[in-house]
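Here the structure comes first, spelled out in C-alpha cells, and everything after it is commentary.
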Amino acid sequence: MPDQEQDIESPGAQPPLEVSAPELTPISKSAGGIPAALTAVKYAFGEMGVIRGARTLLQLNQKDGIDCPGCAWPEPDGERSHFEFCEEGAKHVADEATTKRITPQFFQQWGVTELAQQSDLWLNQQGRLTQPMVRREGSDHYETITWPEAFALIAAELNSLSSPDEAVFYTSGRTSNEAAFLYQLFVRQFGTNNLPDCSNMCHESSGTGMKEALGFGKGTVTLEDFNLADAIFVIGQNPGTNHPRMLTSLMLAKRRGCKIVHINPLPETGLTRFKHPQEFLKLLGEGTKLADLFVQVRVNGDVALLKGIMKEVFDQEEHRPGQVLDQDFIDRYTTGFAEFKSALSKVHLGDILDQAGVTKAQLEDAARIFVESERVIFCWAMGLTQHKNAVGNVQEVINLMLLRGQMGKPGAGLCPVRGHSNVQGDRTMGIWEQPGEDFLDKLGAEFGFDPPRHHGLDTVLAIQAMHGGKAKVFFALGGNFLSATPDTEYTAAALQRCRLTAHVSTKLNRAHLITGKQALILPCLGRTEVDQQAGGTQFVTTENSMAVVEGWQGRLAPASEHLLSEPAIVAGLAKAVLANRSTVKWDDLIANYDRVRDHIEHVVPGFENYNQRAKHPGGFYLPNPIRNREFKTKDGLAHFTIHPLPSIELKPGQFLMMTMRSHDQFNTTIYGLDDRYRGIHNGRRVVLLNRADISVAKLKEGQLVDLISHFEGEERVARQFTVVPYDIPRRSAATYFPEANVLVPVRHFADKSRTPASKSVVISIRPAEKV
C-alpha cells in the first residue's frame with residue numbers, strides 16, 4: 001500500500017501567495033489579431049533585442065530553421081509563411097533565447113530558501129543558466145562544479161545503490177529524438193526501465209485508449225486532412241492558448257464550408273472567432289467565426305455527452321435504415337458492435353442529460369452535424385485525458401467515429417493534439433517505463449547487452465517510490481517536475497527524501513529549489529543555439545503530433561561556453577556511470593549525431609534511411625497503419641468498447657474542479673500574469689465559478705477563499721484564491737496549474753493509464769483563513 005501519510009507543508013514548494021487581487025475585463029471576442037501580434041513582438045524584442053529577435057522569429061519553424069520548443073502542432077508540408085509562428089511560440093522561443101543570464105554570482109547572492117519565496121514568474125525572468133551548479137548537503141546555496149565533477153558525483157550515487165531500480169530517470173517533451181534515444185539506452189544499460197515522462201501526465205490516456213481499441217497509439221490524420229474535412233469536432237481543448245497555429249487550419253477549413261463543433265466546459269475565445277495576424281486588411285474586422293455549435297458540457301461530462309450523441313446517431317439510423325451507419329466498415333473492420341449497441345441502448349437519456357449538463361436539442365444538433373458530414377476529424381487534449389475515466393473518454397470518441405467509418409479515409413480521423421514539441425517523439429525513441437519486447441530485443445542486439453525486461457515506474461509510481469524511500473536518486477532530462485506533477489506537498493516531500501536530485505535545464509524553476517540532500521543544476525543548450533561538436537555543427541530531429549519527423553538546427557551563439565547539448569550530457573553521464581560496463585562508443589556518437597540516427601534506424605521501425613530523410617526539407621512521415629485501415633490489435637480489428645457512466649458524487653457545497661493553463665504560460669513556464677482571452681489580468685490564484693453557485697455558496701465576486709480537495713477521507717488545501725464569476729456549468733470550477741496542483745491527490749489517476757486526474761478534483765470552498 002502506498003505511503004498515505006499527510007505531509008507537512010514544505011516552504012517554497014508551492015508558488016507564493018499574491019499581494020494584490022486580479023483585475024477583470026470582458027472576455028475577448030476574438031483570438032489573434034493586433035493584440036496577439038503586438039504581444040508577440042513586445043515579448044520577443046524585450047527578451048532578445050530587436051535585431052536578434054526579428055532574425056530568430058523569421059527562422060522559427062522554417063524548413064531550414066529553428067524548431068519552436070513549444071507545442072507539437074505541425075508545420076505545412078508545402079510552402080511555409082515567412083511568419084510561421086504564433087504568439088505563444090514567439091514567447092517561448094524568446095524565453096529561451098533571452099539575453100539575460102544567471103551567473104554563479106547570482107547563487108552567491110541568493111540562497112535556496114530565499115529563492116523559493118519568489119514567484120514562478122520571477123524565477124523564470126532571471127535568465128538562462130550558464131554553469132553547472134551543485135547544492136551540497138546542509139548548504140542553502142548552490143556553488144559551481146565542473147562537468148567532470150558533476151558526472152562523477154552522479155556516478156558515485158547511482159553506483160552505490162543496492163539496485164538500479166532505486167533510481168528514477170524523468171524526461172521532458174523538449175528532449176530531441178537523438179537525446180532521448182541515447183538517454184533510454186544509458187538508463188537500460190544501467191539496468192532499469194524507470195523512465196517516467198511528461199506523457200504520463202498528459203496524453204498517456206490517449207495512447208492507452210487508442211492502442212487498446214485500434215492497436216496504434218498516435219493520431220491518424222495529417223494537416224492535409226483538415227483541408228478536406230466536412231466537420232471538425234474540438235473537445236476538451238483550448239487551441240487559442242495551447243496550440244494557436246491550429247487556428248489557421250480551423251480558419252481555412254471554416255472558410256471552405258467545414259462545420260466546427262466546440263465542446264468544452266468553458267467557452268474559449270480561440271474557438272469563437274479568429275483574426276489571422278498576417279491578414280492585415282482584415283485585422284480591423286470581426287474576424288472569422290469558427291464554431292458553428294458550442295456544447296457546454298459539465299466538467300467530466302464527456303462520456304455522457306458522447307453516449308448521448310451516439311444514441312442520436314442510432315435514432316437517425318432507425319429512421320433512415322442503411323443511410324447513417326457505415327455498416328460495411330463495421331462488418332469488415334470492427335468487432336464488438338452488437339454488444340456495444342446493446343449496452344448503449346440501456347443507458348437512460350435522463351442520466352445522460354443530467355451528467356453532461358446539456359439539452360437533448362444540443363445532442364441532436366451535434367449528431368446532425370456528425371451524420372451529415374462525410375469526413376469528420378475529432379481533436380482533443382487534456383480536457384479528455386486527465387480524468388479517472390480518461391481512457392473511457394478517448395474510447396467513446398473512437399466508438400462514435402467507428403459508427404460511420406471515420407478512419408482510414410482522406411479528411412477523417414483522430415487528432416490527439418500534443419502539448420509539447422517532442423513528447424510524441426520521445427516515446428517513439430523508447431522513453432517508456434513499459435517497453436515492448438520487440439523494441440528491447442532490437443536494442444539489445446544493436447548494442448550487445450540484455451536490457452531489463454520488467455516494467456519500470458511511471459510518474460505516479462516514481463513519486464510514491466521516492467516518498468516511500470524505495471527510490472533514492474532522481475534525474476530529470478528537462479522539465480519542472482515539482483510543478484508539473486500532482487499533490488505538490490507530497491511530491492516535494494518525495495524529492496526531499498532523495499539522496500540526490502539532478503535537473504538538466506535551460507532556465508531556473510521551482511524544481512531546483514525543493515531538492516534532495518544534494519542537488520545538481522546541469523545547464524544545456526537550447527533549440528535555438530548552435531550545437532558544435534567534434535564532427536562539426538549538428539542538427540537534431542523531433543516528431544510532431546502528426547508523426548512528421550523533421551530536422552532542426554540552432555542558429556544563435558550559446559548562452560554560455562559552459563553549456564553542453566543534451567546528447568553530450570547523456571554521453572558524459574553514461575561514461576562516468578557505466579565505465580567499462582558499456583561498449584558503446586559514446587564520444588563517437590556525440591562527435592556526429594548521424595551515428596546516433598544510424599542506430600535509431602536499426603532499432604526503431606519506420607526510420608529507414610533516417611539521415612537522408614531527416615535532411616530533406618520538411619522531413620518525413622512515420623508509418624501510420626490506421627490511415628490504411630490496418631488495425632494492429634491481436635485480431636486485426638478495431639474494437640468497440642463499453643464504458644459505464646462515470647460515478648461523480650458531489651455533496652452539498654462541493655464542486656468538480658479542473659486545472660488549466662492561462663494565456664501567459666506554457667506548461668509550467670509562466671510568462672506573465674494575464675489571461676487576456678478570459679479577461680483575467682495581474683493574477684493567477686483565481687477560481688472560476690458560475691454566478692448562481694457563488695450566490696448559493698454565499699460568496700462574493702473578488703472574495704478571497706481557500707479551496708479544499710476531498711479524496712478518500714483526506715483533505716488538501718490551496719490558500720488565498722480570488723472568486724471570479726464566469727460562464728462555466730453549475731457545480732464546476734476552474735483554476736490554473738501549477739497553483740492548484742496541491743489539490744490533486746497523487747493516488748487519484750486515470751484507470752489503466754495512471755494519468756493524474758487533474759481535471760476531476762472534488763473541492764469545497766470556504767472564506768480564506770488569515771495566513
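The values are calculated or read from the model by the stated rules, or taken from the named source; none is laboratory data. What you see is a predicted model; the values in this text were computed from it and never measured. Positions of Cβ are backbone-derived with ideal geometry, glycine not excepted, and every protein chain shown enters the neighbour counts. Please note that ligands, DNA and RNA were not included when accessible areas were found on the heavy atoms of the full protein model with its side chains. Shrake-Rupley method; radii C 1.70, N 1.55, O 1.52, S 1.80 Å.
Structure above, values below:
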| item | result |
| --- | --- |
| Accessible surface of the stretch 127-166, 1.4 Å probe, proportion on carbon and sulfur as whole % | 50 percent |
| Of P416, P623, L266, farthest towards positive along the dipole that unit charges on Lys, Arg, Asp, Glu beta carbons give the chain | L266 |
| Relative contact order of the stretch 102-162, pairs being alpha-carbon contacts under 8 Å that are 6 or more residues apart, as % | 36 percent |
| GluC sites (Glu not before Pro) restricted to DSSP loop in the stretch 366-417 with at most 16 other C-beta within 10 Å | E374 |
| Shape of the stretch 325-411, Cα gyration tensor, a/c cut at 1.5 | rounded |
| Computed E for E446/K409 - FRET, C-beta separation, R0 22 angstrom, nearest 0.05 | 0.05 |
| Restricting the stretch 369-468 to trypsin sites (Lys or Arg not before Pro) in coil, as DSSP defines it, with at most 12 other Cβ within 10 Å | R453 |
| Rounded to the nearest 10 Å², the accessible area of F737 at probe 1.4 Å | 40 Å² |
| Three-way shape call for the stretch 424-539 based on the alpha-carbon gyration tensor, with the a/c threshold at 1.5 | oblate |
| Sparse-neighbour loop sites [GluC sites (Glu not before Pro); the stretch 273-350; at most 11 other C-beta within 10 Å; DSSP] | E286 |
| Gain in span if fully extended, E114 to R101, counting 0.36 nm per residue against the direct Cα distance | 2.8 nm |
| The stretch 678-738, accessible area per residue, ligands and nucleic acids excluded (1.4 Å, Å²) | 36 Å² |
| Carbon/sulfur fraction of accessible area - the stretch 546-655, other protein chains in place, 1.4 Å, % | 50 percent |
| The stretch 227-271-the stretch 558-579 distance, computed between alpha-carbon centres (Å) | 41 Å |
| Among (i) 0.99; (ii) 1.16; (iii) 0.91, the entry derived from the coordinates for Cα Rg over 2.2 N^0.38 Å | (iii) |
| Positive-end extreme of charge dipole, the chain - chosen from P277, A445, P729 (charges on Cβ) | P277 |
| For the stretch 1-146: accessible area per residue (Å², 1.4 Å) | 47 Å² |
| Cross-link partners of K770 among aspartates and glutamates (Cα-Cα below 14 Å; sequence separation of 8 or more within a chain) | E18, D706 |
| Volume per residue of the C-alpha convex hull in the stretch 712-759, rounded to whole Å³ | 116 Å³ |
| Entries of K311/K346; K211/K632; K289/K311; K311/K341 with Cα pairs more than 18 Å apart | K289/K311 |
| Dipole magnitude of the chain about its Cα centre (Cβ charges: Lys, Arg +1; Asp, Glu -1), debye to nearest 20 | 1100 debye |
| No Cys partner within the rule (Cβ under 4.7 Å), the chain | C68, C71, C86, C198, C202, C258, C498, C524 |
| Summed residue charge, Cβ within 10 Å of V299's Cβ, Lys/Arg positive, Asp/Glu negative | +2 |
| Those lysines that a straight Cα-Cα span of less than 16 Å connects to K388, excepting residues fewer than 8 apart in one chain | K752, K759 |
| Rounded if a/c under 1.5, otherwise prolate or oblate - the stretch 155-214, Cα gyration tensor axes | prolate |
| Estimated distance in nm for a label pair at D140 and L58, the labels positioned 7 Å out from Cα along Cα-to-Cβ | 5.0 nm |
| Convex hull of the stretch 429-480 built on C-alpha atoms - directionally averaged projected area, nm² | 4.6 nm² |
| D354/Q434 FRET efficiency (R0 35 Å; Cβ-Cβ; nearest 0.05) | 0.40 |
| The stretch 496-654 - charge dipole about Cα centre, Lys and Arg +1 at Cβ, Asp and Glu -1, debye rounded to 20 | 580 debye |
| 222 nm mean residue ellipticity, helices alone, for the chain (DSSP H n ≥ 4; -39,500 (n - 2.57); rounded to 500) | -9500 deg cm²/dmol |
| Stretchable slack from D635 to E372, in nm (0.36 nm times residue separation minus alpha-carbon distance) | 91.6 nm |
| Net charge dipole size for the stretch 667-751 [Lys, Arg +1 and Asp, Glu -1 on Cβ; Debye, nearest 20] | 260 debye |
| Carbon/sulfur fraction of accessible area - the stretch 450-518, other protein chains in place, 1.4 Å, % | 53 percent |
| Segment A579-L284, length gained on full extension (0.36 nm per residue, minus Cα span) | 99.8 nm |
| Lysines with Cα under 18 Å of K91, excluding same-chain neighbours fewer than 8 positions away | K42, K100, K507 |
| Positive dipole terminus of the chain, leading residue within V168, N667, I34 (C-beta point charges) | I34 |
| Rel. contact order, % - alpha carbon contacts under 8 angstrom, at least six apart, the chain | 22 percent |
| Counting DSSP beta bridges with both ends in the chain, the antiparallel % (nearest 5) | 45 percent |
| Rg/Rg_globular for the stretch 1-144, with Rg_globular taken as 2.2 N^0.38 Å and Rg from C-alpha atoms | 1.38 |
